[in-house]
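Worksheet: the structure to be examined is printed underneath.
The values are calculated or read from the model by the stated rules, or taken from the named source; none is laboratory data. Since this is a predicted model, take the numbers as computed values, not measurements. Here the Cβ is made from the backbone with ideal geometry for all residues, glycine too, and neighbour counts use every protein chain on show. Quick note on the areas: whole protein, heavy atoms, side chains included, nothing else; ligands and nucleic acids left out. Shrake-Rupley method; radii C 1.70, N 1.55, O 1.52, S 1.80 Å.
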Amino acid sequence: MKTNYMINKKTVYIDLDGVIVDLISEMHHELKNTSKTFEEPTDIIDQSETIFLNSKPIPHALEAINELEKHFDVYILSTAPWHNIHSWSQKRIWVEKHLPSMYKKLILTHHKEQLLGEYLIDDRLKNGAEAFKGKHIHIFQDQFPTWQSVLDYLITSKQ
């Protein structure tokens with residue numbers, strides 16, 4: 001009798017802002033189209049009621065995530081600004097719209113180091129990413145400059 005064994009997939013967490021969502025372009029767009037003044041350009045993140053909803057995906061991110069889902073257990077792992085209560089629900093809405101298979105796999109936390117998994121794809125070393133226990137894939141930096149370089153590392157080399 002042949003026995004089927006469940007093969008556990010490795011876990012990949014992917015940051016949202018700056019990795020999947022082009023928040024910077026939307027910040028520039030809102031700054032150009034508002035009469036409000038801000039002490040710092042990033043203050044718009046705390047004050048905008050639509051910045052997360054209107055942001056576009058980063059090129060190739062959605063396709064890369066769809067490919068990763070074939071090989072890994074993938075979660076979206078993001079931090080939401082404390083001073084913008086709208087951002088929490090906006091992130092959920094954005095994920096459902098652009099990645100419908102992932103909206104129930106969205107984790108919002110300021111402590112990414114608390115999660116267990118093999119990989120974290122993040123563009124920064126903040127909110128616990130610097131202390132993540134698995135491999136931090138620091139996307140858009142020297143070793144991983146593109147989504148394709150991430151896919152090559154994770155899939156092609158059978159990590």
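Among 32, 97, 112, which one moves the most in a GNM of the chain with springs linking Cα atoms closer than 10 Å?
32
Just list whichever of 70/91; 36/135; 32/104 have alpha carbons separated by over 30 Å in the model shown. Mind dumping the intermediate values first?
Working: 70/91 23 Å; 36/135 41 Å; 32/104 34 Å.
Exceeds cut-off: 36/135; 32/104.
Once R0 is set to 41 Å, what does the formula 1/(1 + (r/R0)^6) return for the Cβ-Cβ distance between residue 71 and residue 32, expressed as a FRET efficiency to the nearest 0.05?
Given R0 = 41 Å and the Cβ-Cβ separation, E is 0.55.
Measuring with a 1.4 Å probe in the full set of protein chains, what accessible area per residue, in whole Å², belongs to segment 26-106?
Computed with neighbouring chains in place, this is 59 Å² per residue.
Which option, (1) 1.06; (2) 1.01; (3) 1.10, is the value of Rg/Rh (Cα atoms, Kirkwood Rh) that was calculated from these coordinates?
Here Rg/Rh (Cα atoms, Kirkwood Rh) agrees with entry (2).
Reported to two decimal places, what Rg/Rh ratio describes segment 110-159 when computed on Cα atoms with Rh from the Kirkwood expression?
Result: Rg/Rh = 0.98.
How many percent of DSSP beta bridges within the chain run antiparallel, rounded to 5?
10
Dipole of segment 1-110, Cα-centred, from +1 at each Lys and Arg C-beta and -1 at each Asp and Glu C-beta, to the nearest 20 debye?
700
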